[in-house]
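Visitor: Structure provided below as structure tokens; questions to follow.
The values are calculated or read from the model by the stated rules, or taken from the named source; none is laboratory data. In this text, all values refer to a predicted model and were calculated from it rather than measured experimentally. Cβ: placed from backbone, ideal geometry, glycine included. Neighbour counts: every protein chain shown. Just so you know, the surface numbers come from the protein's heavy atoms only, side chains and all, with ligands and any DNA or RNA stripped out. Shrake-Rupley method; radii C 1.70, N 1.55, O 1.52, S 1.80 Å.
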Amino acid sequence: MHLADFDFELPRELIADRPAEPREAARLLVLPAAGGPSDRHIADLPELLRPGDLLVFNDTKVIPARLVGRRSEATIEITLAHDLGGAAWSAYAKGARRLHPGDRIDFAADFSAAVVDKRPDGDVVLRFDREGEAFRAALLRHGAMPLPPYIKRPRGGDPRDRGDYQTIFARAEGAVAAPTAGLHFTPALLAAIAARGAEWVTVTLHVGPGTFLPVKEEDPREHRMHAEWGLVTAEAASRINETRARGGRIIAVGTTSLRLVESAAAEDGSVGEFSGETRLFILPGYPFRAIDLLLTNFHLPRSTLVMLVAALAGLDRIKATYAHAIAAGYRFFSYGDACLIEARPR
């Protein structure tokens, strides 16, 4: 297995800077377990489902985790990563080499953080001048949505992204990246899914900035996966297990939902309660236990997420599917179109 196996050329014009309007107008490439892809739209999803199917959504809520501040005369842009408690956060910083423990970064006249530590993995530890509700209020006032680096916005962000980069299921604050497959869903689409006889349940995985980090090792198996905190409640686990027991299919909406459900799954496919961090890294050869289909956007070359979909459908088929999507002008990445991939038989 080589990193180059997961590479492909993508024209810049196919990177979506805004979501489709209306959301259901986004395109949907359907890849069955056998056979070639077909071109549909998100609005067609209900007719692709069966009565008794269960969709699993991630209800994490993205916080406005990007902040621009000043350290003396230097401009510093940071993206929060993990809440360490006690007003401390790990964060990634542009210009981190210029930061040193003891430095102060001012984000506003009354909002600042001190640099506590610089870590070998490239992140820094900051301690803010407030915590709890006061910190959340300052973040809402001064922060911007942490869009991935391939979406260009003016410094300070675009207010439209506060709504665009949040799913309708967003409830549990803590993500610094959106579970983007969920961005395609609207109340009208959910009503059509319910009318079809399919149901849904939510789990929580707080997506971290590591989701955008490239794999650098030539052998992907040597890549160290970033940790993300997740929660599968007893109720969610029970509904997944009941669906499987009666022959319904489990459809993960997004790679985050898939990784969390698989993290909570036993070898026999049963899902239990789960609360804690997961570093599950899915590569070709991984034995999927709990999910039957995946609805996901198109992912970056050489990324852990391309490796995941290659594990689900087969590397050669994913390469052919992505080539089809590029030739057909599908829109890629966070605000782009989606594909529905059926897992190969267990």
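Visitor: Out of all the residues in the stretch 327-346, which are part of a loop (DSSP other than H, G, I, E, B) and surrounded by fewer than 18 Cβ atoms within 10 Å (Cβ to Cβ)?
Guide: A328, G329, R344, P345, R346
Visitor: A further question follows. Kindly indicate the residue of the stretch 79-96 that is of a type in the set (A, V, I, L, M) and on the phi < 0 side of the Ramachandran plot and also most open to solvent (accessible area, probe 1.4 Å) among those meeting that condition.
Guide: Filtering first and then ranking leaves L84.
Visitor: Considering the stretch 18-38 alone, what residues qualify as being closer than 14 Å to F298 by Cα and either among the charged types (D, E, K, R) or in contact with a Lys or Arg (Cβ under 8 Å, 6 or more places away or on another chain) (or both)?
Guide: Scanning the stretch 18-38 gives A26, R27, L28, L29, V30, L31.
Visitor: Moving on. Give the stretch 213-232 a look and list any residue that's within 18 Å of T60 (Cβ to Cβ) and either in a strand (DSSP E or B) or open to solvent by 60 Å² or more (accessible area, probe 1.4 Å) (or both), or say none.
Guide: Residues satisfying the conditions are E228, W229, G230, L231, V232.
Visitor: Just to be sure, is H324 within 25 Å of A25 (Cα to Cα), part of a loop (DSSP other than H, G, I, E, B) and either open to solvent by 10 Å² or more (accessible area, probe 1.4 Å) or among the acidic types (D, E) (or both)?
Guide: So H324 does not fit the description; no.
Visitor: Looking only at residues that are open to solvent by less than 40 Å² (accessible area, probe 1.4 Å) and in contact (Cβ under 8 Å) with a residue 24 or more places away in the chain in the stretch 127-144, which one is nearest to A91 (Cα to Cα)?
Guide: F128
Visitor: Which fully enclosed strands (runs of 3 or more DSSP E) of the stretch 240-307 have 2 or more residues being open to solvent by 10 Å² or more (accessible area, probe 1.4 Å)?
Guide: 274-278
Visitor: Further question on the same structure: Can you pull out every residue in the stretch 18-51 that is open to solvent by 60 Å² or more (accessible area, probe 1.4 Å) and either in contact with a strand residue (DSSP E or B) (Cβ under 8 Å, 6 or more places away or on another chain) or assigned to a loop (DSSP other than H, G, I, E, B) (or both)?
Guide: Result: R18, E21, P22, R27, A34, D39, R40, H41, R50, P51.
Visitor: Right, here's the next one. Residue check: is A113 open to solvent by less than 40 Å² (accessible area, probe 1.4 Å), more than 21 Å from the chain's Cα centre (by Cα) and modelled with pLDDT of 95 or more?
Guide: For A113, the condition - open to solvent by less than 40 Å² (accessible area, probe 1.4 Å), more than 21 Å from the chain's Cα centre (by Cα) and modelled with pLDDT of 95 or more - is met.
Visitor: Quick one: is T167 surrounded by 22 or more Cβ atoms within 10 Å (Cβ to Cβ) and in contact with a Leu (Cβ under 7 Å, 6 or more places away or on another chain)?
Guide: Yes.
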